[in-house]
1. Please verify whether the range 381-388 includes one or more residues that are outside any helix (DSSP H, G or I) and either within 13 Å of the ligand (Cβ to nearest atom) or free of Cβ contacts under 8 Å to residues at least 24 places away in the same chain (or both).
2. What's the number of the only condition in (1) out of contact with any helix residue (DSSP H, G or I) (no Cβ under 8 Å at 6 or more places or on another chain); (2) under 30 Å from T371 (Cα atoms) that C457 fails to meet?
3. Please go through (1) closer than 19 Å to R89 by Cβ; (2) open to solvent by 10 Å² or more (accessible area, probe 1.4 Å); (3) at pLDDT 95 or above for A152 and return the number of the only condition it doesn't satisfy.
4. Of the conditions (1) open to solvent by 10 Å² or more (accessible area, probe 1.4 Å); (2) touching a residue at least 24 places away in the same chain (Cβ under 8 Å), H242 fails just one. Which one is it?
5. Take the residues in the range 353-379 that are open to solvent by less than 50 Å² (accessible area, probe 1.4 Å) and away from the ligand (no atom under 16 Å from the Cβ); name whichever of them is nearest to the chain's Cα centre (by Cα).
6. Taking the condition more than 27 Å from D461 (Cβ to Cβ) and either among the hydrophobic types (A, V, I, L, M, F, W, C) or surrounded by fewer than 22 Cβ atoms within 10 Å (Cβ to Cβ) (or both), does I253 pass?
7. I'd like to check something: does the range 280-297 contain any residue that is away from the ligand (no atom under 16 Å from the Cβ), open to solvent by 10 Å² or more (accessible area, probe 1.4 Å) and under 24 Å from the mean Cα position of the chain (by Cα)?
8. When the range 45-57 is examined, which residues are found to be crowded, with 18+ Cβ neighbours inside 10 Å and assigned to a loop (DSSP other than H, G, I, E, B)?
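The values are calculated or read from the model by the stated rules, or taken from the named source; none is laboratory data. As the structure is a prediction and not an experimental result, all values here were calculated from the model. So basically every Cβ, Gly included, is an ideal-geometry build from the backbone, and we count neighbours across all protein chains shown. Surface areas here come from the heavy atoms of the whole protein model, side chains and all, with no ligands, DNA or RNA. Shrake-Rupley method; radii C 1.70, N 1.55, O 1.52, S 1.80 Å.
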Amino acid sequence: MKFSTDPFDEDHLKEECGVFGILGKDTAAAMVALGLHALQHRGQEAAGIVCFDGEHFNAHHALGHVGENFNSDSIVARLVGDSAIGHTRYATTGETALRNVQPLYADFDFGGFAVAHNGNLTNAHKLRKQLVKRGCLFRSTTDTEVIIHLMAISHQQKPVDRLIDALHQIEGAYSLVCLGKNMMIGVRDPYGVRPLVLGKQGDAYVLASETCALDIIGAEFVRDLEPGELVIIDNNGLQSLHPLKAAPSKFCIFEYIYFARPDSSVEGRSVYEMRKNIGAELARESHVDADIVVPVPDSGVPAAIGYANESKIPFDLGIIRNHYVGRTFIQPTDRIRHLGVKLKHNANRRFIEGKRVIVVDDSIVRGTTSTKIVDMVRNAGAREVHMRISSPPTAHSCFYGIDTPEKEKLLAHNYTIEQMCRFIGADTLAFISLEGLYRAMGETKRNANAPQFCDACFSGDYPISLTDLETEDKQEELSVLARGNR
Ligand code: AMP
């Protein structure tokens, strides 16, 4: 069995996640299943629900989509109780991944406690090593498990104080939804890197990664949790604490660009509106004469609408997406790959032929998508292909919860924009500037000394220390761990 805490390990840094919880509703688990369904875009490969029935905790964890795993009445019927939390995760395939499916649950001396985590801890490796030395036995490879062990060894009495003890020791990005006996806790890290919103459905309190998950169960949006805030929800209502030292807010700007759903509002801003603004700013910054603006669906659609409106160039769906592509469907083998199988996108030839086409997408990571799309649009008869990207070049890895590969694999880390343009085969290529992105977000300018958002994937300015990455002897430790546990 492979064991590694390498942040780039296949079994580890795929921590794009959605979290959801509800307390005070007799069909809590069914509500969580719906909430997770609305958060499916935040992680497609595993999901889990833990609920409390007043006496016992029950759980169901599975690899795959929420709809595949929580559709049967028997499963949801087994998850009885008026409080439940859930998690949807971008994990890896294979047997070993099931142990990493959240919420993580543990029996403490004070009773059961479950944790669902969105984000990524940046000192989990260091803490894990210390905990293992103290005799803690880890059952998963997820960074979240250090929270469980830190709580277990805390000298505090109450579960919430033990959690706060753990929070004082962890670093990184985290939005947590936790479930104890008749109690739900929500926490955002001091920088508020990942989203977490509070809602109400009647008398029941709801916590969710995004507002679209409130909408699906008809819950009303109350507010975003503040960075560093911890809320305790029980039968007496809600109590808000700020147990951690306040830090300047560093919400992940990539949530607005790509990750969050466009029908969500985050920190008072509509994701859809921001994407349209970014598209408009991109059009102002990188105008090119063309006949048609075409989004790469779905992620490029709002920005392309903004681009088309601003440039007065007609918008059309010149690329159509097949929505039924899943990981379970055949991936092209080498034998059929040369056929150029287009599983996900196809050009809408009639609307492209003979035209000068502006193609809008949200980001270039490895360059695979853009290369395929440019080729496809050319093959459909485009006269010119101008690629426009609604983010600055992604030149740095994310260590706070977005799945990006190590920087050597990022096209923008290795190449200039001109070289990238040649690589993807476009006539021209332009990205929105970092300053332009801030303008689109409604900021007068990016504060270079203290940026208003976490934009590390574009700027390389990491607001939270990368303890594990900076640990000098990490490489050696990792190889020892890996050798010892294979
Ligand atoms: P690539 O093909 O590697 O250049 O990746 C770029 C494409 O992946 C774009 O179309 C994005 O919409 C999408 N994308 C960007 N970031 C992510 C992410 N963290 N997870 C999944 N897809 C992403």
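1. We begin by selecting, within the range 381-388, every residue outside any helix (DSSP H, G or I); these are 381-388.
Within this subset, residues satisfying the condition of being either within 13 Å of the ligand (Cβ to nearest atom) or free of Cβ contacts under 8 Å to residues at least 24 places away in the same chain (or both) are 387-388.
Yes, the range 381-388 contains at least one residue that is outside any helix (DSSP H, G or I) and either within 13 Å of the ligand (Cβ to nearest atom) or free of Cβ contacts under 8 Å to residues at least 24 places away in the same chain (or both).
2. So the condition that C457 fails would be (1).
3. (1)
4. (2)
5. So in the range 353-379, the residues open to solvent by less than 50 Å² (accessible area, probe 1.4 Å) come out as 354, 357-365, 367, 370-371, 373-374, 376-377.
Going one step further and asking which of them are away from the ligand (no atom under 16 Å from the Cβ), we end up with 354, 357.
Working: G354: 39, V357: 31 Å.
Per the stated criteria, the residue is V357.
6. Numbers: more than 27 Å from D461 (Cβ to Cβ): no; either among the hydrophobic types (A, V, I, L, M, F, W, C) or surrounded by fewer than 22 Cβ atoms within 10 Å (Cβ to Cβ) (or both): yes.
So I253 fails the test.
7. No, the range 280-297 has no match at all.
8. If we filter the range 45-57 for residues that are crowded, with 18+ Cβ neighbours inside 10 Å, which is where we start, we get 45-52, 57.
Within the range 45-57, E45 is the sole residue that qualifies.
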